[in-house]
Amino acid sequence: MDVRLLKFFIAVYEQKNLTRAAQQCFVSQPNISNGIKQLEEELGKKLFERNKKGVELKIEADYLYPVAKRLVSEFQSLNEIFSRENFKNKIQIGVAESLPQEHKQQFFRTSSNLCDSVEWVTKEIGRENEINLLVREWKNEEDLFLPLWKEDYVLCIPDGHHLLNKEIIEMNDLANETFIHCPPCEAHKQCLSILNSESHKMTTVANCSTKTETLTMLMAGLGITFLPEAFVDGWYGFQVLPYNGPKYYREVGLAYPRKSLRNPAITKIINYYSKNKLNIK
């Protein structure tokens, strides 16, 4: 049913006069008359009787009026809802532990601005997520990967350590020093290869389950370790020293199954970072 006909009916019912109803609806009187006739034909009921003073309401009109008012009101509210409501694009994302705050903040800030409205649902990294922000080595084999940034691993030495007197560390200087390790870390094997590059004994003082725990042990002064450069930026209780030896870096980015591109918000994010770098200050 044409909602315009219901508006005509409401005007006639309230004004009880075709001329005044036409003025209320900003149409001509013939339009009102034809509209009422069409509505009566669709309903199969007579709604009004004309007389010299205007129109006389029939009982069918009394039944229709509250229904028509409600239907027109609901129809008008649809336009208001869609004009003012910001419908959200929901994204379930896994975020890896130990990623630097500044990098994560910039990613979420930029990504949120790419869409009209985004509702983020953050989880631990996993297959159930639409997309994961993680280190390349942690992604599922079948997922696509879009790199966002790289960061070097740096040699971290606690405050008060005797090696801080040197401007640059040689591998020989690390002989017999105590080390903090993070076996689950993507760089653990590389770290071991660095430390074992010289035939010197290495002493392990801690094996940590996360980089955050590794950082805590480092700040407590328990030993030396390698950590991502951006991850340790801004923390205290240790110094970063250059060294002569094998280097390693980690690559962080977005891992996602192809089906996640069905989400238009994710498609916008992927398209953007395929052409633009993450703006890290």
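The values are calculated or read from the model by the stated rules, or taken from the named source; none is laboratory data. Since we're looking at a predicted model, the values are computed, not measured. So basically every Cβ, Gly included, is an ideal-geometry build from the backbone, and we count neighbours across all protein chains shown.
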Check Leu163 against each of (1) touching a residue at least 24 places away in the same chain (Cβ under 8 Å); (2) within 30 Å of Asn263 (Cα to Cα); (3) in a helix (DSSP H, G or I) and name the one condition it does not meet. (2)
Just to be sure before I move on: is Leu227 crowded, with 21+ Cβ neighbours inside 10 Å and not assigned by TED's automatic domain parsing to the domain that holds Ala96 in the structure I sent? yes
Can you work out which of the residues in region 243-272 that are among the charged types (D, E, K, R) and surrounded by fewer than 21 Cβ atoms within 10 Å (Cβ to Cβ) is farthest from Asn129 (Cα to Cα)? Lys247
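Listed here are the residues, each with its yes/no results for (1) in contact (Cβ under 8 Å) with a residue 60 or more places away in the chain; (2) basic (Lys, Arg); (3) touching a Lys or Arg at 6+ places or on another chain (Cβ under 6 Å); (4) not in a loop (DSSP other than H, G, I, E, B).
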| residue | (1), (2), (3), (4) |
| --- | --- |
| Thr214 | no, no, no, yes |
| Met217 | no, no, no, yes |
| Ala255 | yes, no, yes, yes |
| Ser260 | yes, no, no, yes |
| Asn271 | no, no, no, yes |
| Asn279 | yes, no, no, no |
Residue count, region 31-82 (criterion: under 14 Å from Val12 (Cα atoms) and hydrophobic (A, V, I, L, M, F, W, C)): 10
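To keep it simple, each residue is scored yes or no on (1) exposed (fewer than 14 other Cβ atoms within 10 Å of the Cβ); (2) at pLDDT 85 or above; (3) among the aromatic types (Phe, Trp, Tyr).
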residue	(1), (2), (3)
Trp120	no, yes, yes
Ile125	no, yes, no
Trp138	no, yes, yes
Ile157	no, yes, no
Asn176	yes, no, no
Leu192	no, no, no
Leu195	no, no, no
Thr203	yes, no, no
Ala220	yes, yes, no
Subset of region 20-30 (residues that are in contact (Cβ under 8 Å) with a residue 12 or more places away in the chain and either loosely packed, with under 15 Cβ neighbours inside 10 Å or among the polar types (S, T, N, Q) (or both)): Gln24
